[in-house]
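Reviewing the structure listed below.
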């Protein structure tokens with residue numbers, strides 16, 4: 001009877017104690033989260049409930065397994081398994097706690113700076129995410145090494161591995177040259193403020209927003225919802241456009257190819273009226289000038305301003321659409337055309353292609369009754 005009760009008491013007690021401590025800890029974190037609404041730390045720490053209970057359970061079972069006297073012929077294997085679970089869950093717990101602390105610090109910083117310096121907030125966000133990736137990678141490597149060292153064969157091979165560490169380091173460095181360069185490029189991007197999450201960039205002719213930055217690659221979400229994934233080393237060795245660098249204000253242009261008779265003064269007034277009704281225009285400046293001419297057309301440039309890249313796109317397409325519609329309805333003669341028929345004359349000008357008047361006909365053909373042979 002004792003052989004049955006002892007394992008049940010030891011294992012069951014460890015499980016029950018784990019669940020009780022986990023419930024009590026979660027209750028305290030919930031109350032702390034309710035009292036401190038200004039910080040998300042306590043709510044984020046509740047996400048570590050599962051690894052926390054795994055650490056407790058594995059530690060209790062590892063410490064009391066000898067008293068259970070269960071499966072004694074497999075004691076070494078079960079003990080090593082519990083040790084591996086303890087190391088893995090401890091690494092998981094450390095990553096969750098570090099993530100909660102870092103996320104809390106970023107949230108406080110973002111809430112205090114969001115309205116004053118959004119570019120700096122994006123920079124800190126990029127740095128925080130890369131730091132968390134580095135911390136997670138270090139914790140995972142240390143945990144994996146600790147797991148391997150629990151095996152006697154790996155400890156015996158440790159001396160020979162250390163003796164050949166120089167040669168292995170050279171070989172690994174050559175083999176992982178591209179990966180290492182990308183990792184260092186990721187750190188350079190994070191702390192060099194070259195590009196940040198949320199920045200609007202133009203890469204290889206593609207316009208989009210930086211969605212994710214890791215130690216090895218960077219993802220750009222284009223305007224049509226495509227994702228372009230590129231190695232981070234590209235951004236440290238090739239030129240690219242960063243429209244969010246510095247102030248987000250932008251100046252945009254819209255080009256029109258029109259007839260030489262286009263009413264420039266009326267177009268300037270119409271451009272002003274269009275922009276006054278356009279929410280994307282920031283009111284800083286606008287202009288409309290002739291920038292080039294050809295034997296058949298002129299090139300007209302409309303200049304508009306906006307507070308960021310998204311609004312400048314909206315302002316440009318609004319000006320292009322409404323100004324072309326207005327020209328087609330009010331001044332169709334101003335649109336470019338191929339002269340295959342009589343043109344529509346502008347208001348107030350004589351039609352050179354209209355039939356001549358009677359006087360002109362008499363001048364051209366002589367007086368009535370004259371014989372022209």
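Every number in this text was worked out from the coordinates using simple rules, so none of it is lab data. Please read these numbers as outputs of a predicted model, since none were measured by experiment. No Cβ is skipped: glycine too gets one built from the backbone with ideal geometry, and neighbour counts run over all protein chains shown.
Numerical summary
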| quantity | calculated |
| --- | --- |
| FRET efficiency for residue 214 and residue 268, using Cβ-Cβ distance with R0 set to 41 Å, rounded to 0.05 | 0.25 |
| Gain in span if fully extended, residue 325 to residue 76, counting 0.36 nm per residue against the direct Cα distance | 81.3 nm |
| Where labels lie 7 Å past Cα in the beta-carbon direction, separation of residue 285 and residue 206 in nm | 3.3 |
| Sites residue 30 and residue 111 - FRET efficiency at Förster radius 22 Å, r taken between beta-carbons, to 0.05 | 0.50 |
| Gain in span if fully extended, residue 39 to residue 64, counting 0.36 nm per residue against the direct Cα distance | 5.1 nm |
| Förster-model FRET efficiency, 56 Å R0, residue 301 and residue 9, C-beta, rounded to 0.05 | 0.05 |
| Mean shadow area of segment 250-334 over all directions, Cα convex hull, nm² | 5.0 |
